[in-house]
2 protein chains.
Amino acid sequence: VQHEVEHHTSLEATLLEIQALLERHESEREEAAQEQPGEEARALAEIARRHEDELESRLNRLHPADTAFVLESLPAEQRDAAWPLIHRDRRGAILLELAESVQEPLIQLLGDDELIELSRQLPSTDFADLVENLPEERAAAVLGRLGAGERQQVQTALSFPEDSVGALMETDVVTVWDDLTLEQAIQSLRGRGALPEPLTSILVVDRSNVLKGLLPVARLLFGDPSRKVVEVMDADPVHFSTTDKADEAAQAFDRYDLIAAPVVDPQRRLVGWVNVDQVVDRLSDDTFKQSLGQVGLEEDADLFAPVWRSGQRRWVWVGLNLLTAFIASRVIGVFEGSIEKLAALAALMPIVASIGGNTGNQTVALVIRGLTLSQLNESNRLYLLRRELAVSALNGVVWGLLMGAITLLLYGSLPLAAVMGLAMLLNMLVAATAGVVCPLVLERLGRDPVMGSSILLTGITDSMGFLIFLGLASAILL
Amino acid sequence: VQHEVEHHTSLEATLLEIQALLERHESEREEAAQEQPGEEARALAEIARRHEDELESRLNRLHPADTAFVLESLPAEQRDAAWPLIHRDRRGAILLELAESVQEPLIQLLGDDELIELSRQLPSTDFADLVENLPEERAAAVLGRLGAGERQQVQTALSFPEDSVGALMETDVVTVWDDLTLEQAIQSLRGRGALPEPLTSILVVDRSNVLKGLLPVARLLFGDPSRKVVEVMDADPVHFSTTDKADEAAQAFDRYDLIAAPVVDPQRRLVGWVNVDQVVDRLSDDTFKQSLGQVGLEEDADLFAPVWRSGQRRWVWVGLNLLTAFIASRVIGVFEGSIEKLAALAALMPIVASIGGNTGNQTVALVIRGLTLSQLNESNRLYLLRRELAVSALNGVVWGLLMGAITLLLYGSLPLAAVMGLAMLLNMLVAATAGVVCPLVLERLGRDPVMGSSILLTGITDSMGFLIFLGLASAILL
């Protein structure tokens with residue numbers, strides 16, 4: 001099938017056109033429905049049908065990845081209207097390209113027969129990705145209707161944890177034996193029939209399927225045909241086991257500029273391979289994982305998910321946020337007496353809290369990056385803490401003096417100015433410490449240090465900021 | 001050169017060992033320096049030298065990318081101690097792998113002679129990446145000492161903006177003519193001598209160097225030798241121009257699972273190609289760009305940069321943060337009279353501000369993701385605003401009622417509880433609006449919507465939160 005592969009800019013235009021078509025289509029259908037039956041109504045229905053055809057042809061002419069992009073960019077109602085127009089034989093390829101949160105509701109719209117049909121069109125690892133997003137009961141029903149061999153392959157693929165190399169790998173490996181000559185190797189590959197594309201490297205195994213090396217296709221092509229595969233191949237290629245973390249595999253691809261890498265079992269027998277295109281998919285998903293995670297959103301949060309679902313997703317974090325804000329509020333409650341005597345305290349205290357929250361979040365962002373890249377370890381985290389404290393002390397002195405001066409100008413009280421400056425310095429030190437410690441503790445507890453770290457940190461810097469400022473003020477001024 | 005290509009987990013161990021060696025090395029040198037000259041001092045110096053040899057051999061045995069990883073993970077002083085131990089012929093490869101903020105100070109340590117030497121070792125596009133990070137005067141001096149041809153290549157590479165495809169592309173293209181047979185094509189490539197690795201695709205041009213297609217190496221290998229290149233190639237491959245945005249190219253690689261793509265000039269003449277490994281590099285850099293940018297840090301901020309430099313980098317954002325916090329403080333200042341009468345207001349107002357800041361940041365993270373992926377456009381941004389307002393209204397009602405109830409329990413005042421609940425709802429609506437509008441306005445102004453958007457948003461939600469809550473309270477309660 002020849003697809004329109006469009007460039008990014010023109011794809012934006014395509015999206016706008018399809019949105020316009022969908023809107024027109026919707027309003028035309030409404031109009032036709034309101035009209036009394038008769039000539040007029042038939043004419044309207046005819047126009048609506050012609051526009052629907054145009055829409056259908058546009059959606060199906062696009063590359064599956066582009067259709068997926070368009071679907072992701074549509075509000076939920078328009079998405080549901082567009083989906084039935086997509087031809088059945090293209091739905092599998094498109095579903096695979098969709099973000100999980102968009103994919104999930106669409107898969108559930110598929111009938112069992114259609115799912116079985118997809119199992120024939122798609123490689124078993126890809127089909128497993130779809131089955132994974134079905135409710136458990138339906139997944140079991142669909143698996144039950146597959147052939148025994150196919151079922152086992154899908155079940156194996158399903159058995160790997162989502163963030164493992166096993167879940168990332170493909171199993172349709174192209175191999176040659178290490179003791180063949182290049183000429184024999186080429187013969188054996190030609191005999192194999194259809195080869196997957198893009199084919200960039202051949203995996204080299206011995207007669208027991210134990211990994212021996214990696215042979216770039218170009219070397220097979222340009223090497224001396226009488227030489228042995230074992231002499232020409234890369235003998236110790238970077239390889240993974242199915243239980244390795246997918247993120248670490250992606251980092252290895254980045255670090256060593258890999259195009260493909262074999263996956264082996266504990267006996268070093270070949271079980272699959274990871275291709276760079278899956279790593280690119282994963283990395284581009286990761287791009288937003290941290291920034292969304294810090295505010296408590298899932299990585300593939302759907303920009304256009306229905307309101308109710310979005311609201312629920314954010315509840316747990318809004319709740320946690322309220323809890324920490326409530327604690328901060330009780331800290332202030334303790335000092336209500338002081339505030340009644342000097343209302344200026346109420347005006348100044350949010351500055352102390354805010355500066356702590358924002359500088360602490362800078363530290364959190366750096367620490368999470370260091371953790372994700374494995375640059376932070378036992379031996380340098382203390383160094384990092386000292387450094388962040390030093391940076392905060394430097395900034396705290398500079399900005400504390402400035403805010404102290406401004407406080408003096410505004411309220412004309414030197415003690416109040418001193419309390420303000422000192423509280424800013426101290427809370428920035430608290431923020432640096434919390435910024436380093438929070439993600440590290442979350443990680444030590446086996447939790448993702450990204451999820452909600454920003455909400456946790458703000459809770460600490462708010463409470464401590466109020467405590468330090470109001471405490472100092474009560475002790476010194478009142 | 002055979003490198004130790006280490007797996008991620010063992011690389012962490014390697015890093016720890018090298019850190020330990022560096023620490024021991026430092027303390028031994030100090031000891032030797034303090035000792036009086038004599039037998040003892042010579043023995044100590046001998047031990048220090050042996051350990052230095054061990055360190056040197058470890059650092060130089062690693063893959064350049066791994067040495068770069070180790071250097072990035074070292075505190076600045078240890079990094080400066082390790083750098084001179086790295087062999088001159090490996091420095092270029094290692095510098096290319098380093099994050100910019102780590103690379104920059106190390107490049108400036110190189111002498112002019114060493115830089116000229118690097119220009120001979122590295123492809124001109126890679127060498128240009130290094131020259132870019134030199135102070136202007138030194139860059140001019142180094143360029144002046146290059147041969148005319150080399151200088152022109154480097155200057156061409158330097159002329160592309162940093163985020164363009166031109167800066168990403170390589171110029172050592174491997175091409176064949178479209179009118180050759182596969183057999184002739186293989187002959188012409190063999191005649192070319194050394195081919196770059198990994199070679200996954202051959203670019204197909206006509207006799208005027210105009211791009212005609214892309215020929216995967218595997219198809220060259222397994223196709224019928226008597227067929228023409230033009231019959232076997234992909235006739236309309238995804239291609240870029242030098243002025244295309246690098247990010248958009250990366251998205252196209254992700255979307256269409258590309259391994260390589262040609263770059264052409266306006267006349268469709270081939271000027272270079274982009275390889276997937278550069279896209280992987282770029283994507284893995286991007287992973288942290290947004291989360292760091294939102295809190296005002298540069299994407300390649302160095303975890304272990306010297307304190308002074310880190311402090312300065314954060315100043316402009318701390319300053320902006322203080323400004324917005326100061327405005328929020330003045331809003332409270334207006335209501336000091338109300339707070340004197342009812343100090344409970346001071347305790348409750350940070351809850352309103354905090355919930356607005358955190359929910360608004362959730363919206364900001366979603367909007368920036370939508371903008372980066374081009375899923376947000378003129379026609380659906382209004383839809384998104386309505387949706388975010390609806391989600392906020394839903395959450396605002398739920399949590400507003402809860403906090404109202406808690407306020408009633410704590411302070412026993414129904415009007416205060418009503419003000420609290422209403423203020424929370426209203427500030428969450430403000431937060432949703434600001435969360436959608438802030439990044440869009442920054443983008444419209446031609447600025448990066450990521451940089452500091454979180455600080456800007458918090459400024460708005462704080463000020464508005466205090467204004468709404470204290471304003472309502474003053475009007476209703478006092």
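Worth pointing out:
- Karplus-based coupling profile of region A:453-460, in residue order and whole Hz: 4, 5, 5, 4, 4, 4, x, 5, with θ = phi - 60° in 6.51 cos²θ - 1.76 cosθ + 1.60 and x standing for Gly or Pro.
- Annotation: A:R24 carries an accessible surface of approximately 90 Å², with a 1.4 Å probe and no ligand, DNA or RNA atoms counted.
- For B:E197, the shell of other residues with beta-carbons less than 12 Å away shows a net charge of -3, using +1 for Lys and Arg and -1 for Asp and Glu.
- On Cα atoms only, tilt of A:378-411 relative to the major axis of chain A in degrees: 50
- Taking every protein chain into account, the accessible area of region A:1-136 amounts to 48 square angstrom per residue (probe 1.4 Å).
- Area of B:T433 that stays accessible when all protein chains are in place (1.4 Å probe, Å², to 10): 50
- Reachable lysines, given that their alpha-carbon falls under 20 Å from the alpha-carbon of A:K228 and they are not under 8 places away in the same chain: A:K212
- Tensor-based shape of region A:321-381 (alpha-carbon gyration tensor, a/c under 1.5 rounded, otherwise prolate or oblate): prolate
- Alpha-carbon centroids, region B:350-369 and region B:31-94: separation in whole Å: 47
- Each other copy holds its own label point for A:G337; taking that point as 7 Å from Cα along Cα to Cβ, the gaps run 2.8 nm, nearest first.
- Sparse-neighbour loop sites [GluC sites (Glu not before Pro); region A:122-165; at most 12 other C-beta within 10 Å; DSSP]: A:E162
- Net dipole in debye of region A:237-315 [+1 Lys, Arg Cβ; -1 Asp, Glu Cβ; about Cα centre; nearest 20]: 220
- Length added when fully stretched, A:R381-A:D265, from 0.36 nm per residue minus Cα-Cα: 38.3 nm
- Beta-bridge orientation, chain A: approximately 70 percent antiparallel, per DSSP, counting only bridges with both partners inside.
- Label-point spacing for B:N377 across the identical copies (point 7 Å from Cα in the Cβ direction), in nm and ascending order: 4.9.
- Ranking by accessible area, most exposed first, for A:H87, A:H25, B:H239 with a 1.4 Å probe: A:H87, B:H239, A:H25
- Carbon and sulfur %, accessible surface of chain B computed with the full protein complex present, 1.4 Å: 55
- Theoretical FRET efficiency, 1/(1+(r/R0)^6), r = Cβ-Cβ of A:V397 and A:R309, R0 60 Å, to 0.05: 0.80
- Shape analysis of region A:314-472 places it in the oblate category; the axes a ≥ b ≥ c from the Cα gyration tensor give an a/c of at least 1.5, with a/b not above b/c.
- Relative to the compact-globule estimate of 2.2 N^0.38 Å, the Cα radius of gyration of region A:235-290 comes out at 1.14.
- Inter-copy separations for A:D265, label at 7 Å along Cα-Cβ, nm, ascending: 5.7
- Nearest 10 degrees, 0 to 90: helix B:112-121 Cα axis against chain B principal axis: 70
- Chain B - percent relative contact order, Cα under 8 Å, separation 6 or more: 12
- Taking trypsin sites (Lys or Arg not before Pro) across region A:152-232, the ones in a DSSP loop with at most 16 further Cβ atoms lying within 10 angstrom of their Cβ are A:R192, A:R207, A:R227.
- Long-range HN-HN contacts of A:K212 with modeled amide H, under 5 Å: A:V204, A:V205, A:D206
- Computed across region B:165-280, the Kirkwood radius stands at 14.3 Å (inverse of mean 1/r, all Cα pairs).
- With contributions of -39500 (n - 2.57) from each DSSP H run of at least four residues, the per-residue ellipticity at 222 nm computed over chain A stands at -22500 deg cm²/dmol.
- With both residues required to sit in the protein assembly as shown, DSSP beta bridges show an antiparallel share near 70%.
- Across every direction, the projection of the convex hull enclosing the Cα atoms of region B:88-190 has a mean area of 8.4 nm².
- Order of exposure, largest accessible area first, which applies to B:E17, B:E183 with probe 1.4 Å: B:E183, B:E17
- Rounded to the nearest 10 square angstrom, B:D244 shows an accessible area of 40 square angstrom against a 1.4 Å probe.
- The residues of region A:178-202 listed by number as losing at least 50 Å² of accessible area in the complex, against the isolated chain and with a 1.4 Å probe, are A:R190, A:E197.
- The fraction of Cα-Cα pairs per 10 angstrom bin, counted from 0 for region B:251-317, comes to 17, 31, 24, 20, 8, 0 percent, rounded to whole percents.
- Region B:101-167 and region A:412-443 have Cα centres lying 43 Å from one another.
- Global geometry of the protein assembly as shown, whether rounded, prolate or oblate, following the gyration tensor of its Cα atoms and the 1.5 cut on a/c: oblate
- Model label zone, B:R49; criterion: amide N under 18 Å from point 7 Å along Cα-to-beta-carbon; scope region B:81-110: B:85
- 0 to 90° range, to nearest 10: angle between helix A:39-61 axis and chain A longest Cα axis: 90
The values are calculated or read from the model by the stated rules, or taken from the named source; none is laboratory data. Only a predicted model underlies this, so the values are computations on that prediction, with no experimental measurement involved. All Cβ positions, even for glycine, are placed from backbone atoms using ideal geometry, and neighbour counts span all protein chains on display. To get the accessible areas, we keep the full protein, side chains included, count just its heavy atoms, and leave off ligands, DNA and RNA. Shrake-Rupley method; radii C 1.70, N 1.55, O 1.52, S 1.80 Å.
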